[in-house]
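In what follows, a structure is listed as structure tokens, so that the remarks can point back to it.
The values are calculated or read from the model by the stated rules, or taken from the named source; none is laboratory data. Every value quoted in this text rests on a predicted model; they were computed, and no experiment measured them. Cβ: placed from backbone, ideal geometry, glycine included. Neighbour counts: every protein chain shown.
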Amino acid sequence: MPLSKLESSIEINLPIAEVIAFVDDNSNDPIWQTSVLQSEKKSEGQPAVGTIYHVKEKFLGRVIEQNWEVTERNEDGSYWKARSVTGPFPMSTSMRFDATDRGTSVTRTLSIDVGRFFKVASPVVGHIAKRELDMDFANLKELLEAGA
């Protein structure tokens, strides 16, 4: 039971380079992403196409572990896509950063195919995932604007 694409956006009152640098540092993931318990970069070097991350997260009350692979990325990091390559169900995500008059607009999309992993209706999973995305962005904005 695939979900339709979920999307969340927020504007952060900081320059785009600062926002990208914070999000690019996966050690910050558990600080601003409510579901992430641990994030480990498995590949050497700067984030790029092919970079692998191992992420342990809590989703709908269950702890899951997945490897994520970056599948697209602009040179400046202002846009990237990633997909799960291991784990209980397929997921993909993207992040877009755009400079604005007041700072940076950040947009994230997320697609999840829960299959038989969860025995709840797809709209329920979608609603919970959307709420988490919105909460994550509120956390990101608060942390960055407070000088984290």
Those residues of the stretch 40-68 which are under 28 Å from VAL125 (Cα atoms), in contact (Cβ under 8 Å) with a residue 24 or more places away in the chain and in contact with a Gly (Cβ under 8 Å, 6 or more places away or on another chain), in sequence order: ILE64, GLN66, ASN67
Single residue of the stretch 55-106 satisfying the filter (among the aliphatic types (A, V, I, L, M) and farther than 22 Å from SER43 by Cβ) that is modelled with the lowest pLDDT: LEU60
Only one of ARG131, ARG83 that is of a type outside the set (Gly, Ala, Ser), free of Cβ contacts under 8 Å to residues at least 12 places away in the same chain and farther than 24 Å from GLU18 by Cβ: ARG131
Qualifying residue in the stretch 15-37 (condition: at pLDDT below 95, closer than 30 Å to VAL124 by Cβ, surrounded by fewer than 17 Cβ atoms within 10 Å (Cβ to Cβ) and more than 16 Å from the chain's Cα centre (by Cα)): no
When residues of the stretch 114-139 are limited to those that are surrounded by 15 or more Cβ atoms within 10 Å (Cβ to Cβ) and not in a helix (DSSP H, G or I), the one modelled with the highest pLDDT: VAL114
Odd one out for SER94, checked against (1) free of Cβ contacts under 8 Å to residues at least 24 places away in the same chain; (2) farther than 23 Å from VAL125 by Cα; (3) touching a Lys or Arg at 6+ places or on another chain (Cβ under 8 Å): (2)
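Please go through the stretch 38-49 and pick out each residue that is among the charged types (D, E, K, R) and modelled with pLDDT of 95 or more.
Matches in the stretch 38-49: GLU40, LYS41, LYS42.
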Top-ranked residue of the stretch 42-78 - restricted to ones that are closer than 28 Å to PRO15 by Cβ, loosely packed, with under 15 Cβ neighbours inside 10 Å and not small (Gly, Ala, Ser), ranked as farthest from the chain's Cα centre (by Cα): GLU44
